[in-house]
Amino acid sequence: MDIIFLLKSSVVKSLDVLFGTQFHADDISIQPTRKEFTGDFTVVIFPLAKKLGKSPMEIGNALGEYLTKDDPIINGFQMVQGFLNLSLEDSVWVDFLDYFAKTKSFGHQDPDGETVLVEFASPNTNKPLHLGHIRNILLGWSSAMILEASGKTVKRIQIVNDRGIAICKSMLAWSKFAAGASPESTSTKADHFVGDYYVLFEQEFQKEYSTWKSSPEGQQIHSQQKKADQTEDAFFAAYKNTYFNEYSVLGREARELLLDWENGEANARALWNKMNGWVYQGFEQTYKDLGVTFDKLYYESNTYLLGKEIIEDGLKKGVFYKKDDGSVWIDLTDVGLDHKLVLRKDGTSVYITQDIGTARIRYQEYQAKQMVYVVADEQNYHFQVLFAIMKKLQEPYANGLHHLSYGMVDLPTGKMKSREGTVVDADDLMAEVIEEAKVISEERSDLNAMPTAERDEIIRKIGMAALKFHLIKVNPGKRMTFDPKESVDMQGQTGPYIQNAYVRIQSILRKAIDLPSIASEGAIELNELEKELLSLVHQYPGLIVEAANQLDPSLIANFNYALAKSFHRYYHDHSILQAEGATRTMRLLLIAGLANVMRDGMNLLGIEMPERM
């Protein structure tokens, strides 16, 4: 039951009768009336004035008077400048309550036959998942859920970055310093174990670099190459990568290990398989704890050579050009970008080459004309280039490529740095928010009286809701700070606050015993809070579509919060179980429906709702 659709149809007919001018429903803009004004829905009159050649006030007053007399669902109107606020009969809202309360998966759209690929997570196998990965994963998972609710068939995929110099740093550090240690022998979660050696490599490299900086060779290079106004510290900070590539013993050994791997040398491949296997064990547990799964995994070790044939074909067609040194480029200046390298002079691939090939393979596998890449905003330029190239190649899916760009996550203590070991690992963060939830639960005697396993499961759901909601409620494009203590606040804009509203409703419904199937057979007078709650619920289907189109799960998160906040106020101001007759029946059906929508809305974010807390 779409009340806005009904109103648009009525407005179109009324305008034809009043002014003899035909409009289409798409020409009419109707939105919920703002709280400071009287009314339920507002018709925006300004767009009609030009076509009708009359003032907005004249049109609005004439339309309001006609609708109030002619349309039985409208009982009053108010004109505020160019906005016509319409008030509806309570019976309209009661009919809507009956509709949404009995509609399974209310707000979800019918399948439209389109497949969308959502790529997210995509970690490196040299370290465990961390806080930044969690935001990526949660945005990817919730976007996939919302896209499914909007009618899409969704495939959740990731490409695992399992090769390259960073991976070889962990491998080299383990081979030099581990003395055969393993996750089992050290009782360490496997991906954390590998990550420790990535950090150890950086620590050993910093020692080596510090020694070299003070050596005669280092001082000579400093005196020869530093800028006139550059301090010694600034020079060596900028020179570190050059040192790694040209002078470092550890750097040379890591590059040699990478070359051995690329050449298929047996020992290098065996070490690579062993350490990546450890990391995959750890990743699998973290994904399970986060409640996410994937339909398909791609591995960079299998895809990094992809795209070369496409580049060669594009050369023949003039999409790319070759420089004198043999490197291949593309000119993107006509779309506001620059010249981009797509093959090195030795014929080896770069990241963009791999992405070109991977996109085509995915299209061949799934025939999906829409692909969403969930990647931090540090890679905005990369995806601008990739999408521009795919359009120049005239790929059939080129116009359906989307970059869900998100801001990085900071802690109250500042930025995280993987190589320095200052990141917050995903597992540690999940444990911390669950511990915060446990501290709060110890103050609640109803949880303390439960069996331990049941209480621990509820605490887990509360902690994970705190973590997930806090990271999703912020618009993806914004950089954000995550504070574990703030995330579990029962009174703030948090996941546990919404869970508390749901649990409160379940408690009422358990006491009610017999739940109604319809709101009432007779006339019911609704109060303003009941209309507000119903108006919020009425927006849910459209909000799912909007969130899917914008790839913005924060819209659903903030809807859930608004719904919970209005319910808490309603619960405080109005009795439900003590109400009588038709009012009691309507209120029970209302809160049962609210609970269903809350549960569904939080499920779209990957958040579970406890029955008690």
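The values are calculated or read from the model by the stated rules, or taken from the named source; none is laboratory data. Because the structure is predicted, anything quoted here is derived from the model rather than measured. Cβ sites come from the backbone with ideal geometry, for glycine too, and all protein chains shown count toward neighbours. The protein model used for the area step is the full one, side chains on, heavy atoms only, and it has no ligands, DNA or RNA in it. Shrake-Rupley method; radii C 1.70, N 1.55, O 1.52, S 1.80 Å.
Between the amide H of Glu89 and those of Ile74, Asn75, distances stay under 5 Å, these residues lying 5 or more places away or on another chain, with hydrogens modeled in the peptide plane.
Quote the Stokes-Einstein diffusion coefficient, in whole µm² s⁻¹, for the stretch 127-225, based on the Kirkwood radius over alpha carbon pairs, a temperature of 10 °C and a viscosity of 1.306 mPa s. Translational D for this selection: 92 µm²/s. Label separation (Arg34 vs Asn527): 2.6 nm, computed from points 7 Å beyond Cα along the C-beta direction. Return, ordered by residue number, the residues of the stretch 4-31 whose backbone nitrogen is under 18 Å from a label point located 7 Å along Cα→Cβ of Gln81. Output list for this probe position: 29-31. Amide H contacts of Ala519 (H built 1.01 Å from N, in plane; Pro and chain starts excluded): Asp98 sit under 5 Å, all sequence-distant by 5 or more or on other chains.
FRET efficiency for the Ala449 to Lys511 pair, using the beta carbon distance and R₀ = 25 Å, is estimated at 0.90.
The base-10 log of I(q)/I(0) for the chain, evaluated at q = 0.09, 0.11, 0.12 Å⁻¹, reads -0.89, -1.16, -1.28 [Debye formula, identical scatterers on Cα atoms, solvent excluded]. In a simple Cβ point-charge model (Lys, Arg +1; Asp, Glu -1; nothing else charged), the stretch 216-336 has a dipole of about 140 debye relative to its Cα centre.
Once you've got the Cα coordinates, tell me which of Lys176/Lys274; Lys155/Lys473; Lys13/Lys51 are over 18 Å apart. Each step should come with its number before you reach the end.
Values: Lys176/Lys274 15 Å; Lys155/Lys473 24 Å; Lys13/Lys51 16 Å.
Among Lys176/Lys274; Lys155/Lys473; Lys13/Lys51, the Cα-Cα distance tops 18 Å for Lys155/Lys473.
Within 10 Å of each candidate Cβ there may be at most 14 other Cβ atoms; applying that plus a DSSP loop requirement, which trypsin sites (Lys or Arg not before Pro) in the stretch 459-556 survive?
Values: sites: Arg460, Lys461, Lys468, Lys473, Lys478, Arg479, Lys485, Arg504, Arg510, Lys511, Lys531; in loops: Lys473, Lys478, Arg479.
Filter output for the stretch 459-556: Lys478, Arg479.
Derived scalar couplings between HN and Hα for the stretch 130-145 equal 10, 4, x, 4, 4, 4, 4, 4, 5, 5, x, 5, 5, 4, 4, 4 Hz in order, rounded to whole Hz, by the Karplus curve 6.51 cos²θ - 1.76 cosθ + 1.60 (θ = phi - 60°), x for Gly and Pro. Each Lys or Arg adds one and each Asp or Glu takes one away; over the other residues whose Cβ falls under 11 Å from the Cβ of Ser301, this sums to -1. Given R₀ = 30 Å, FRET efficiency for Arg344-Gln394 by Cβ-Cβ distance, to 0.05? FRET efficiency, Arg344 to Gln394: 0.75. Return the loop-located trypsin sites (Lys or Arg not before Pro) in the stretch 540-613 (DSSP other than H, G, I, E, B) with at most 16 other Cβ atoms within 10 Å of their own Cβ; answer none if there are none. In loop regions of the stretch 540-613 (DSSP not H, G, I, E or B), the sparsely surrounded trypsin sites (Lys or Arg not before Pro) are Arg612.
Taking 0.36 nm per residue of sequence separation and removing the Cα-Cα distance, the Glu256/Lys226 pair yields an extension gain of 7.9 nm.
Taking amide H as placed 1.01 Å from N in the peptide plane, Val342 has its amide H under 5 Å from the amide H of Val328, Trp329, Ile330, each at least 5 places away in sequence or on another chain.
Counting only DSSP H runs of at least 4 residues, each contributing -39500 (n - 2.57), and dividing by the residue count of the chain, the helix-based mean residue ellipticity at 222 nm comes to -18500 deg cm²/dmol. Note: relative contact order over the stretch 144-294, using C-alpha pairs below 8 Å and six or more positions apart, is 34 percent. In this label model, Thr211 and Lys54 are separated by 9.0 nm, measuring between points 7 Å along each Cα→Cβ vector. Under the combined filter of DSSP loop state and at most 11 neighbouring Cβ atoms within 10 Å, the stretch 52-156 retains these trypsin sites (Lys or Arg not before Pro): Lys104.
Can you tell me the equivalent ellipsoid semi-axes for the stretch 320-391? Use √(5λ) from the Cα gyration tensor, largest first, whole Å. Let's see the in-between values first.
Values: eigenvalues 100, 48, 26 Å².
Whole-Å semi-axes of the equivalent ellipsoid: 22, 15, 11.
Can you work out the accessible area per residue across the chain, with the rest of the protein chains kept in place, probe 1.4 Å, in square angstrom? Numbers along the way, then the final one.
On the way: 28350 Å² over 613 residues.
Spelled out: the 1.4 Å probe surface of the chain, per residue, equals 46 Å².
Would you mind calculating the relative contact order of the chain from Cα pairs under 8 angstrom and at least 6 residues apart, reporting the percent as a whole number?
Working: 916 pairs, mean separation 93.4, N = 613.
Relative CO of the chain lands at 15 percent.
Calculated on C-alpha atoms, the gyration radius of the stretch 442-542 divided by its Kirkwood radius gives an Rg/Rh of 1.06.
Maximal additional length on extending the Tyr299-Glu265 stretch stands at 10.3 nm, based on 0.36 nm per residue less the C-alpha distance.
Given R₀ = 22 Å, what would the calculated FRET efficiency be for Val44 paired with Asp16, taking r from the Cβ atoms and rounding to 0.05? Each step should come with its number before you reach the end.
Values: r = 18 Å, r/R0 = 0.83.
After rounding to 0.05, the efficiency reads 0.75.
Projecting the Cα atoms of Phe41, Gly64, Phe83 onto the charge dipole of the stretch 31-83, computed from C-beta unit charges around the Cα centre, puts Phe83 farthest toward the positive end. Here the spin labels are modelled as points 7 Å beyond Cα on the Cα-Cβ line, and at Asp112 and Asp573 they lie 3.7 nm apart. Computed from backbone phi, the HN-Hα couplings of the stretch 392-407 come to 5, 7, 6, 5, x, 9, 4, 7, x, 8, 10, 10, 7, 8, 10, x Hz, rounded to whole numbers (Karplus: 6.51 cos²θ - 1.76 cosθ + 1.60, θ = phi - 60°; Gly and Pro given as x). Of the beta bridges in the chain, as assigned by DSSP with both residues counted there, near 50 percent are antiparallel.
Ignoring ligands, DNA and RNA, please state the percent of accessible area on the stretch 202-314 from carbon and sulfur, probe 1.4 Å. Working shown, then result.
Details: 3040 of 6410 Å².
With neighbouring chains kept in place, the figure for the stretch 202-314 is 47 percent.
Reducing the stretch 161-234 and the stretch 431-507 to their Cα centroids gives an inter-centroid distance of 39 Å.
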